[in-house]
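A.B. asks: What follows is a structure written as structure tokens; I'll ask about it next.
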Amino acid sequence: MGCLDAQLSVVIVSDDQIASLNEAYLNHTGPTNVISFPMQEGAFSDVTPGLLGDVVISADTAHREATDAGMPLIERFNQLLIHGILHLVGYDHVHSDEKAAVMEKKSCELMKLLDNKQG
């Protein structure tokens, strides 16, 4: 994805913790499954050029969603991690259906690649 020497942080939190972040930074109420904080955007993006940003995942929500979907927790976690990383590198699903389709396609490609590496 063009980020050979890039770094990112992965933070696993509770629903309460992600709800606080969701409200403070996105003005949304309640927990969500994943939030990305890109470091390659904004006024200070040149300070650490190799740092993509942070991906914050709610373990509580990931567990609940995995259970509801009948899938292993690690699979749901991987989906959320890929989703968060895609946001860090510029993918978007909020502002148009076309962009959402592109992001979904890339997410599926990466999940297949990950499945092949694990299998």
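A.B. asks: Once the piece of chain linking HIS93 and MET111 is laid out straight, how much longer is it, given 0.36 nm per residue of separation minus the C-alpha distance between them? Write down the numbers at each step before the final one.
C.D. replies: Working: separation 18, 0.36 × 18 = 6.48 nm, distance 1.73 nm.
Full-extension gain reported as 4.8 nm.
A.B. asks: Go ahead and set up a Gaussian network model of the chain, Cα springs under 10 Å, then flag whichever of HIS93, HIS63, HIS83 fluctuates most.
C.D. replies: Between HIS93, HIS63, HIS83, it is HIS93 that shows the largest mean-square fluctuation.
A.B. asks: Looking at the chain, I'd like the Rg to Rh ratio, where Rg is from alpha-carbon atoms and Rh is Kirkwood's inverse mean 1/r. Provide the component values of the computation, followed by the final result.
C.D. replies: Details: Rg = 14.6 Å, Rh = 15.2 Å.
We get a ratio of 0.96 for the chain.
A.B. asks: Of all DSSP beta bridges in the chain, what percent run antiparallel (nearest 5)?
C.D. replies: Once the DSSP bridges in the chain are tallied, antiparallel ones form about 40 percent.
A.B. asks: Please state the charge dipole magnitude for the stretch 8-119, taken about the Cα centre, from unit charges on C-beta atoms (+1 on K and R, -1 on D and E), reported in debye and rounded to the nearest 20.
C.D. replies: Working: 7 positive and 16 negative charges, 70 e Å.
Value, rounded to 20: 340 debye.
A.B. asks: Anyone know which of SER107, SER96, SER58 comes out most mobile in the 10 Å Cα GNM of the chain?
C.D. replies: Result for the chain, Cα springs under 10 Å: SER96 fluctuates most.
A.B. asks: Please build a GNM for the chain, connecting alpha carbons under 10 Å apart, and tell me which residue among LEU26, LEU86, LEU52 fluctuates the most.
C.D. replies: It is LEU26.
A.B. asks: How high is the relative contact order of the chain, given as a whole-number percent (alpha carbon pairs under 8 Å, six or more residues apart)?
C.D. replies: That works out to 23 percent.
Read-outs: derived from the displayed coordinates by stated rules, not from any lab. Owing to the predicted nature of the structure, the values given are computational and were not obtained by experimental measurement. Every residue, glycine as well, gets a Cβ built from its backbone with ideal geometry; the counts of neighbours run over all protein chains shown.
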